[in-house]
């Protein structure tokens with residue numbers, strides 16, 4: 001068992017082991033090499049087989065689709081003729097995630113800065129712990145809380161938004177109904193991605209070289225100016241990658257959305273109206289009652305989500321790679 | 001010192017794991033044992049009740065409609081208590097899935113909220129050697145229209161008004177059409193929030209059939225499992241719709257009666273054009289099912305429900321769940337169990353249990369034919 005090896009002693013580098021030439025060392029080396037290589041290959045095989053499975057099942061469904069896969073505003077693979085399209089799901093997924101990011105990222109950066117630069121040490125540690133704890137709550141619990149507490153309590157704020165910001169079109173509420181809308185989903189998702197964005201940003205802000213900050217202070221900068229001149233530029237790429245991690249979670253969130261949203265196949269710019277849908281929510285809601293073909297159709301929508309997530313991750317990497325040279329952090 | 005403590009912790013964790021693992025293992029073991037020891041005692045009539053076990057033995061896999069789940073659970077429990085060595089395994093999924101499983105030959109019988117379609121019957125001939133799949137009406141149930149309106153405890157609606165509400169044509173509770181049917185009630189000037197099922201559902205389809213038949217000029221949608229009308233709000237499952245209606249003031253929705261009774265949600269009385277508005281109760285649903293005609297031929301007992309019935313006390317929004325079996329060519333190993341189990345569910349004792357679970361028994365006349373059909377299964 002691993003527990004018999006001393007933990008405090010750092011493992012010797014493989015080169016040293018080879019030079020030492022002991023038999024057991026060499027065998028262990030080989031085994032470890034095999035294991036790690038195997039794990040790496042396994043991961044690639046897994047990803048490839050997921051992609052192949054999704055593509056195969058999706059192609060079965062899409063070839064029999066009588067509607068347009070990208071522009072049909074309906075999901076009825078059991079109908080006659082069978083039609084389904086991802087337009088509404090793509091819209092709902094992106095809109096709810098964007099709302100979540102717009103709310104969560106500024107708040108998360110604020111919390112992270114407070115913990116890393118403002119809070120007294122006695123307060124910082126427990127606060128960081130509480131924020132991390134938010135991530136430990138299962139998403140179905142967020143969903144139930146959202147449906148039973150958040151939705152009824154948002155009715156007042158929704159009326160207020162409608163009354164004073166209805167002119168923006170976005171906040172005009174044209175349909176009656178409780179707040180089971182994309183906007184509410186966005187708020188809920190914001191709470192759910194808050195801990196990951198906060199804790200990664202906090203780690204990055206803590207890594208800002210002490211010298212930079214002290215130099216700024218020596219030049220007579222106030223605390224806010226220190227943050228603006230040295231902490232934020234240094235941490236920018238870290239915050240971006242933290243946000244992308246959060247975005248990934250928001251895009252794929254299933255149970256919380258399915259519990260809160262009142263799904264319908266309509267695209268509406270009025271964010272407060274009940275209705276809309278997201279990829280993951282639609283799969284969770286429709287899978288039980290779907291027949292073989294309906295499941296293939298849902299898998300096709302899953303493939304689109306898969307590609308969307310890949311694109312988001314790729315974009316994040318690009319941004320980080322481009323900014324790497326300007327800062328020391330590359331999380 | 002630090003290291004030792006870590007090892008101690010790890011050892012404790014390992015120990016805990018081993019203990020819980022052993023517990024799980026023994027739990028599985030005891031299950032297997034009871035199955036093994038009682039396996040040979042099948043085929044005896046139980047003394048406790050009138051269940052005839054005949055040659056029933058082994059496992060009976062079945063699958064289908066979730067609308068009859070509670071009834072099936074109750075029946076299976078009683079039946080297995082009476083006939084040891086038999087295991088009725090009803091997987092409650094959906095009507096569609098039940099029929100697919102039946103036509104693949106993986107289940108002894110399927111449960112469905114609607115009768116087999118012609119192409120499904122054609123498919124079933126591959127599995128039923130020399131015969132075909134038939135529908136046996138076994139469980140009836142009223143679909144209640146639940147509402148939540150502060151200050152209003154009872155409400156009467158008719159099919160056209162109901163259709164307009166669910167279609168978004170009537171938007172306020174004090175609409176003249178509603179007021180006309182409820183003289184004396186104080187209807188508030190409040191928006192109506194109509195809730196429907198977000199996933200495909202036999203309940204939706206049966207409500208659609210009713211609205212299409214009883215209010216053809218106000219409900220022009222096909223009766224499909226998917227909610228057809230635009231607007232309104234969606235919730236997942238009957239339980240989800242009931243929860244929303246319970247929570248939201250000014251709401252209306254549809255679900256099986258049991259959800260309304262268990263959460264004390266007020267239900268709409270239906271004005272069928274008969275003498276008095278009809279309440280949603282199991283007895284009243286049975287009366288409406290009694291007005292149905294059998295449209296199936298031979299042993300097939302598919303029903304043609306009369307949604308426009310004006311018979312006194314007949315609640316017209318009903319749902320009938322069929323058990324689907326082969327008339328000939330059932331699998332030899334499950335046939336005795338299927339016959340014995342369905343005999344029990346169609347018996348007076350079995351049908352009486354339905355009322356307890358919020359369902360409606362199948363009327364005597366139709367039930368007699370169901371029993372005949374079961375007896376002749378081969």
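Read-outs throughout are calculated quantities, based only on the coordinates presented, and are distinct from any laboratory measurement. Treat the numbers as computed from the prediction; the structure is a model and nothing was measured. Positions of Cβ are generated from backbone atoms using ideal geometry, with glycine treated the same way; all protein chains shown enter the neighbour counts.
Before moving on, here are some points about what is shown:
- Each of B:254, B:79, A:118 was scored by other Cβ atoms within 10 Å of its Cβ. Listed from fewest to most, they are A:118, B:79, B:254.
- Take each residue in B:224-236, count the other chain C-beta atoms within 10 Å of its C-beta, and the mean is 6.
- Averaged over peptide B:88-98, the number of partner chain Cβ atoms lying within 10 Å of each residue's Cβ comes to 2.
- In this label model, residue B:356 and residue A:39 are separated by 5.7 nm, measuring between points 7 Å along each Cα→Cβ vector.
- Over chain B, relative contact order from alpha-carbon pairs under 8 Å, at least 6 apart, %: 22
- Separation between Cα centres of the stretch B:339-378 and the stretch B:97-144, rounded to whole Å: 17
- Within a Gaussian network of chain B (alpha carbon springs, distance under 10 Å), most fluctuating of B:337, B:364, B:297: B:297
- Residue B:221-residue A:223 pseudo-label distance in nm [points 7 Å out on the Cα-to-Cβ vector]: 5.8
- Residue with peak Gaussian network fluctuation, chain A [Cα springs, cutoff 10 Å], from A:31, A:226, A:304: A:31
- With semi-axes defined as the square roots of five times the eigenvalues of the C-alpha gyration tensor, the equivalent ellipsoid of the protein assembly as shown measures 54, 38, 23 Å, largest first.
- Packing rank of B:298-307, B:283-292, where each peptide gets the mean count of other beta carbons within 10 Å, highest leading: B:283-292, B:298-307
- Ranked by the mean number of other Cβ atoms within 10 Å of their residues, highest first, the peptides B:153-159, A:175-181 come out as A:175-181, B:153-159.
- Springs join every pair of Cα atoms under 10 Å in this Gaussian network model of chain B, and among B:358, B:232, B:64 the largest mean-square fluctuation is at B:232.
- The antiparallel fraction among DSSP beta bridges confined to the protein assembly as shown stands at about 60%.
- Dimensions of the stretch B:102-169 along the principal axes, based on C-alpha atoms and rounded to the nearest Å, stand at 60, 23, 16, largest first.
- Translational diffusion of chain A, µm² s⁻¹ [Kirkwood Rh, Cα pairs; Stokes-Einstein; 4 °C; 1.567 mPa s]: 56
- Averaged over the residues of peptide B:237-250, the number of Cβ atoms from other protein chains lying within 10 Å of each residue's Cβ is 2.
- Residues B:173, A:145, sorted so that the one with the fewest Cβ neighbours within 10 Å comes first: A:145, B:173
- Between the beta carbons of residue B:378 and residue A:162, assuming R0 = 60 Å, the FRET efficiency works out to 0.35 to the nearest 0.05.
- For the stretch A:47-61 versus the stretch A:141-205, the gap between their alpha-carbon centres in whole angstrom: 34
- Placing R0 at 35 angstrom, the Cβ-Cβ distance between residue B:87 and residue B:308 gives a FRET efficiency of 0.20 after rounding to 0.05.
- In this label model, residue A:155 and residue B:104 are separated by 4.5 nm, measuring between points 7 Å along each Cα→Cβ vector.
- Once the C-beta distance of residue B:186 and residue A:148 is scaled by a Förster radius of 35 Å, the resulting FRET efficiency is 0.75 to the nearest 0.05.
- Mean Cα-pair separation over length for chain A, i.e. relative contact order, pairs under 8 Å, 6 or more apart, %: 24
- The alpha carbon radius of gyration of chain B, expressed as a multiple of 2.2 N^0.38 Å, is 1.16.
- Exposure proxy ranking, count of Cβ atoms within 10 Å, fewest first, for A:203, B:333, B:119: B:119, B:333, A:203
- Rg/Rh for the stretch B:132-177, where both radii come from Cα atoms and Rh is the Kirkwood radius: 1.20
- As a ratio to 2.2 N^0.38 Å, the alpha-carbon radius of gyration computed for the stretch B:142-289 takes the value 0.95.
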